[in-house]
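Asks: Quick one: structure below, then a few questions.
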Amino acid sequence: TQPIPGGGTASLSYSEVLFDDKSDANPYADTAALLVDVRQPLLSGAILGARERSVADATFALGDASIDLHTVVADLILEIEDAYWGLVQAGQAVTAAELALASATHQEGWVQERIDLGFDPPSELLATQERVAAAQAAQAAAAADRANAEARLLFLLGRDLRAARPTLVPTTAPAAFDVLPEEAAHKAAFDRNLEARAARRSVLTARRSLRFTVLDQLPSLDASFSVRPDLAADGTPWTIGLSLSTPIPSRGRVHGILAAQARARQAEVRLRAVEQRLRLLVESALRAVDTSKAQVRLAEIGLDVAQRKFDAEGERLSRGRSTNKTVLDYLEDRDQAVRNRNNSLVALAQAAAQLRRLTGTNLEFWGVDAMELIERRGELR
């Protein structure tokens, strides 16, 4: 038996009957029958495709699994990006803390020299020593934060945390990112966003379920054709048949159709909600990128101003026209400006990563082929 297009079957069978009693009283003789039989649905089975629903279910399941795989990989990439920039930020915090400690230590030595020369009272050293202690504590906290960020990134990369851990040194500094225009970003999000694609597939699935539910209530007309070559000499060797079956109407069948219609409408409403929410999120992400770019520019200006103020106040102190406390305040402002600049750069990188995830372009941006992971499954075990 072999399936044929349209939901039918073609079969070839052979049977033979042998009789031991060959007397004249036995009206039967040995017979052999070769039977060719073709059966084909004519209504719901062939025209509307109800017989192929198992193939359609498998095809849809494959598409759903593909979207699930792409979603998992896209979310993982976003999480890795966030962890990477967190490590960058933690490393920058360590560098800033080391610079602050070096500056405070240098300032302490300079103040001690002025005290030894009799220009300043010994009490001036207390504020500087407090600054050194605070810088040491900030350095220890920054080192711990960097260790935590490194462990998180190693975990996401699938490294065995029980084994010796390598030291990760980020080599890419956050920079300005080219961003799609607003309408292009919305179009890319509508076409490529994974949540929107999954919602559209849910609508197709609900509509297909409604279609199959209706098909189950339609009459079924099947045709059959069979041939027995051994009867060609005695009579008609072929047979043609038609069979019609009609389901009996019932309240359960009606409610089944109504329920399928309701599920289709609900899927359409969910798709509309996903598209609306996606547009809102893309608008917010675009504004976040623009805001982050503006914050980077302002932070660069603020750092430049803070550095020039610190240098000028140090010059005033060297001429005896300022105090050590004032210089320390300007030094604190300069260090805070460095942290603000670093944080704004990381915020820009994270905002761009979020926008790529919403527009469905982060896999392409990083050159990741999700389906290739299936081919590499043996290597990943």
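Asks: Across the stretch 227-260, what is the total count of residues that are at pLDDT 85 or above and open to solvent by 70 Å² or more (accessible area, probe 1.4 Å)?
Replies: So the answer is 2.
Asks: Something else about it: Inspect all residues belonging to the stretch 284-296 and state whether any of them is touching a strand residue (DSSP E or B) at 6+ places or on another chain (Cβ under 6 Å), surrounded by fewer than 17 Cβ atoms within 10 Å (Cβ to Cβ) and over 30 Å from Arg200 (Cα atoms).
Replies: No, the conditions are met nowhere in the stretch 284-296.
Asks: Just give me the residues in the stretch 202-213 being open to solvent by 50 Å² or more (accessible area, probe 1.4 Å) and either more than 15 Å from Arg265 (Cβ to Cβ) or of a type in the set (Ser, Thr, Tyr) (or both), in sequence order.
Replies: Ser202
Asks: From the list Ala56, Ala61, Ala33, pick out the single residue that is at pLDDT 70 or above, over 19 Å from Leu363 (Cβ atoms) and in a strand (DSSP E or B).
Replies: Within the list Ala56, Ala61, Ala33, the selection yields Ala33.
Asks: In contact (Cβ under 8 Å) with a residue 40 or more places away in the chain and crowded, with 17+ Cβ neighbours inside 10 Å: is that true of Asn193 in this structure?
Replies: Yes; evaluated as a whole, the condition is true for this residue.
Asks: Is it the case that Asn362 is of a type in the set (S, T, N, Q) and within 20 Å of Leu180 (Cα to Cα)?
Replies: Yes, satisfied.
Asks: Shifting gears a bit: Among the residues of the stretch 353-363, are any small (Gly, Ala, Ser) and outside any helix (DSSP H, G or I)?
Replies: Checked against the condition, which is being small (Gly, Ala, Ser) and outside any helix (DSSP H, G or I), the stretch 353-363 yields at least one hit.
Asks: Same structure again: Hey, does the stretch 305-324 have a residue that's surrounded by fewer than 13 Cβ atoms within 10 Å (Cβ to Cβ), more than 30 Å from Phe190 (Cβ to Cβ) and either under 48 Å from the mean Cα position of the chain (by Cα) or in contact (Cβ under 8 Å) with a residue 24 or more places away in the chain (or both)?
Replies: Checking the stretch 305-324: at least one residue is surrounded by fewer than 13 Cβ atoms within 10 Å (Cβ to Cβ), more than 30 Å from Phe190 (Cβ to Cβ) and either under 48 Å from the mean Cα position of the chain (by Cα) or in contact (Cβ under 8 Å) with a residue 24 or more places away in the chain (or both).
Asks: Here's something else I'd like to know. Just give me the residues in the stretch 118-137 being in contact (Cβ under 8 Å) with a residue 40 or more places away in the chain and surrounded by 13 or more Cβ atoms within 10 Å (Cβ to Cβ), in sequence order.
Replies: Selection gives Asp120, Glu124, Ala127, Thr128, Arg131.
Asks: Could you say which residue among Asp329, Asp333 is within 26 Å of Glu124 (Cα to Cα) and at pLDDT 85 or above?
Replies: Result of the check over Asp329, Asp333: Asp333.
One line per residue, one yes/no per condition, for (1) in contact (Cβ under 8 Å) with a residue 40 or more places away in the chain; (2) open to solvent by less than 30 Å² (accessible area, probe 1.4 Å):
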site	(1), (2)
Gln139	yes, no
Ala147	no, no
Leu153	yes, yes
Arg165	no, no
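The values are calculated or read from the model by the stated rules, or taken from the named source; none is laboratory data. Remember, predicted model here, so these are calculated numbers, not experimental data. We place every Cβ from the backbone using ideal geometry, glycine too, and count neighbours over all the protein chains shown. Heads up: the accessible areas ignore ligands, DNA and RNA and are worked out on the full protein's heavy atoms, side chains in. Shrake-Rupley method; radii C 1.70, N 1.55, O 1.52, S 1.80 Å.
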